[in-house]
1. So, in region A:36-69, how many residues would count as being surrounded by 15 or more Cβ atoms within 10 Å (Cβ to Cβ), under 12 Å from the mean Cα position of the chain (by Cα) and facing another protein chain (nearest Cβ under 10 Å)?
2. Do we have any residue at all in region B:15-31 that's in contact with a helix residue (DSSP H, G or I) (Cβ under 7 Å, 6 or more places away or on another chain), at pLDDT below 95 and within 14 Å of chain A (Cβ to nearest Cβ)?
3. Tell me whether region B:63-72 contains one or more residues that are of a type in the set (Gly, Ala, Ser) and within 14 Å of chain A (Cβ to nearest Cβ).
4. Mind counting the residues in region A:70-85 that are touching a helix residue (DSSP H, G or I) at 6+ places or on another chain (Cβ under 6 Å) and either modelled with pLDDT of 90 or more or surrounded by 13 or more Cβ atoms within 10 Å (Cβ to Cβ) (or both)?
5. Out of region B:146-200, which residues are of a type in the set (S, T, N, Q) and more than 10 Å from chain A (Cβ to nearest Cβ)?
6. Within region A:1-32, can you find the residues that are over 18 Å from residue A:82 (Cβ atoms), surrounded by 10 or more Cβ atoms within 10 Å (Cβ to Cβ) and over 12 Å from the mean Cα position of the chain (by Cα)?
7. Is one or more of the residues making up region A:24-47 touching a Leu at 6+ places or on another chain (Cβ under 7 Å), at pLDDT 95 or above, assigned to a loop (DSSP other than H, G, I, E, B) and more than 30 Å from residue B:195 (Cβ to Cβ)?
Amino acid sequence: MTIDGNRVADLLREAFSGGGTSAIGTCGHCGASEPMGSAHVFQGAGIVLRCPHCDQALVTIVRADGRMWVGFPGAVTMQVAVGTT
Amino acid sequence: MSIISRGFGGRRPDAPADRVPPGQYVTRDYPVLSAGPTPHTPLDQWDLSIVGELDEPRRWTWEEFQALPNEEITRDIHCVTKWSKLDTIWRGVSVDTLLDGVETSAEYVVQYSDGGYTTNLPLEDLTDGKAWVVYEYDGSPLPSAHGGPARMLVPHLYFWKSAKWVRGLRLQLIDEPGFWEVNGYHNYGDPWREQRYWGD
């Protein structure tokens, strides 16, 4: 089964546009699911969002030179709000 | 959601140009940047290890580590967030001392720390007087906010390559990008070539 690349691009665009602080992340270390707005935020070389329960690094954000790197070192699932289909 | 960090300040515009890499400014402050909460490992539970590609792993307790030959080191440091601090004074143990007599075929090292932070670099960037594990800053025990009780000092690379709260060095046959290196930052991090991000 093949999936149209444009459809995948639309899904990714939709997923990232819905991922604000109301997005719910599941911690891969302790399993807690919490809104990303409750994450502990640290400013290192980039920004690190950590689980409010166990301090596992969930998401990293680095923005520079017209690029953004979003890493998921410890968030196994993100629930984001999208339109109904 | 609040950012847990201190502010910046104290810019000094009159720094000698040959000591300030491109894109950097000099500060008299010592900004605190941290990818996570400050660990507070009691010294009686602290140790430092060399593991990986060597016949026998090496390990020092805090007391054993303190008894190793140490030296005062004065170097400029450069953070990828664009501040540089000149003539910082440290005391610590050369990585050459830690690796003395070690035979290894490893070409790469991963520094690992309390809290899970890692950063990678070639082994040759830690030897021949280029890197230390330091435990004093400016004549006092290294504050935990700055990586105490002990941190890496690899001053010829951007400072994210000097792991705070270091607990060991893992000697490796293959390069393994660390915490920031997999998330946008340059794999090597030479400040004089402004190697900040992927592709720089």
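1. Looking only at that region, the number is 10.
2. For region B:15-31, residues in contact with a helix residue (DSSP H, G or I) (Cβ under 7 Å, 6 or more places away or on another chain), at pLDDT below 95 and within 14 Å of chain A (Cβ to nearest Cβ): absent.
3. From region B:63-72, those of a type in the set (Gly, Ala, Ser) are B:67; that's our starting set.
Checking the rest, the ones that are also within 14 Å of chain A (Cβ to nearest Cβ) come to none.
No, every residue in region B:63-72 fails to be of a type in the set (Gly, Ala, Ser) and within 14 Å of chain A (Cβ to nearest Cβ).
4. First, pick out the residues of region A:70-85 that are touching a helix residue (DSSP H, G or I) at 6+ places or on another chain (Cβ under 6 Å): A:71, A:80, A:82.
From what is left, the residues that are either modelled with pLDDT of 90 or more or surrounded by 13 or more Cβ atoms within 10 Å (Cβ to Cβ) (or both) are A:71, A:80.
The number of residues fulfilling the criteria is 2.
5. From region B:146-200, those of a type in the set (S, T, N, Q) are B:162, B:172, B:183, B:187, B:195; that's our starting set.
Answer for region B:146-200, where residues must be of a type in the set (S, T, N, Q) and more than 10 Å from chain A (Cβ to nearest Cβ): B:162, B:172, B:187, B:195.
6. The first filter runs over region A:1-32 and keeps only residues over 18 Å from residue A:82 (Cβ atoms), leaving A:1-2, A:4-5, A:27-32.
With surrounded by 10 or more Cβ atoms within 10 Å (Cβ to Cβ) added as a condition, the list becomes A:27-32.
Once the filter is applied, which keeps residues that are over 18 Å from residue A:82 (Cβ atoms), surrounded by 10 or more Cβ atoms within 10 Å (Cβ to Cβ) and over 12 Å from the mean Cα position of the chain (by Cα), region A:1-32 yields A:28, A:29, A:30, A:31, A:32.
7. No, region A:24-47 has no match at all.
Table: residues versus (1) polar (S, T, N, Q); (2) modelled with pLDDT under 95; (3) buried (at least 23 other Cβ atoms within 10 Å of the Cβ).
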{"position": "B:124", "(1), (2), (3)": "no, no, no"}
{"position": "B:135", "(1), (2), (3)": "no, no, no"}
{"position": "B:141", "(1), (2), (3)": "no, no, no"}
{"position": "B:144", "(1), (2), (3)": "yes, no, no"}
{"position": "B:160", "(1), (2), (3)": "no, no, yes"}
{"position": "B:169", "(1), (2), (3)": "no, no, yes"}
{"position": "B:185", "(1), (2), (3)": "no, no, yes"}
{"position": "B:195", "(1), (2), (3)": "yes, no, no"}
{"position": "B:198", "(1), (2), (3)": "no, no, no"}
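The values are calculated or read from the model by the stated rules, or taken from the named source; none is laboratory data. This is a predicted model, so every value here is computed, not measured. Heads up, the Cβs are rebuilt from the backbone with ideal geometry, glycines too, and the neighbour counts pull from every protein chain shown.
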